[in-house]
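For reference, the structure discussed in these notes is given below.
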Ligand code: SF4
């Protein structure tokens, strides 16, 4: 009998994709090891929004996506999230592991919207959406919780 492999959705930058705003990645060895025997779906909501890499860093301020100059990216980010949801719609995802503090992917904390490096409790927009839809969402910094699972 076939045993279904666990399916894990991950922020693409955690697997080493250079999709971060500054052109870098957030490769995470612990996550790569954890998903080695699982089905992996990598996703970057900001790339799916059509944004270039590198791109202006943005933060969430009062629920709006803004860059340091005050430009608003709400519509683009919404489009990116919709595209992510349609990509994963047919998938039976057991868990999403997302990059910390991102305005899209952050799960436990985000930057406070003043581009000052200050953090506040909260989630990025993609993480919020996944949680609201009932997905099991974990910040990559909490991956130790998954040992043996
Ligand atoms: S939007 Fe998410 S997946 Fe894309 S670079 Fe930022 S943290 Fe990584």
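A short reminder: the numbers here are calculations on the coordinates, not readings from a lab. On a predicted model such as this, the values are computed, not experimentally measured, just so you know. Using ideal geometry, Cβ is built from the backbone for each residue, glycine included, and neighbour counts are taken over all protein chains shown.
When you restrict to C-alpha pairs under 8 Å that are six or more residues apart and normalise by the size of region 7-146, the relative contact order lands at 22 percent.
Students often check this: by mean Cβ neighbours within 10 Å, which of 141-148, 90-97, 123-130 ranks highest, and how do the rest follow?
123-130, 90-97, 141-148
In region 45-115, the ratio of gyration radius to Kirkwood radius, Rg to Rh, stands at 0.98 when only Cα atoms are counted. For labels at residue 141 and residue 5 in the simple 7 Å Cα→Cβ model, what's the distance in nm? If labels sit at residue 141 and residue 5, their model points lie 3.0 nm apart.
Considered as an equivalent ellipsoid built on the Cα gyration tensor, the chain has semi-axes of 26, 16, 14 Å, the largest given first. Across region 32-72, what fraction of all alpha-carbon pairs, as a whole percent, falls in each successive 10 Å bin from zero upward? P(r) for region 32-72, in whole percents per bin: 23, 37, 23, 17, 1. Taking the number of Cβ atoms within 10 Å of each Cβ as an exposure proxy, the fewest-first ranking of 107, 8, 40 is 40, 8, 107.
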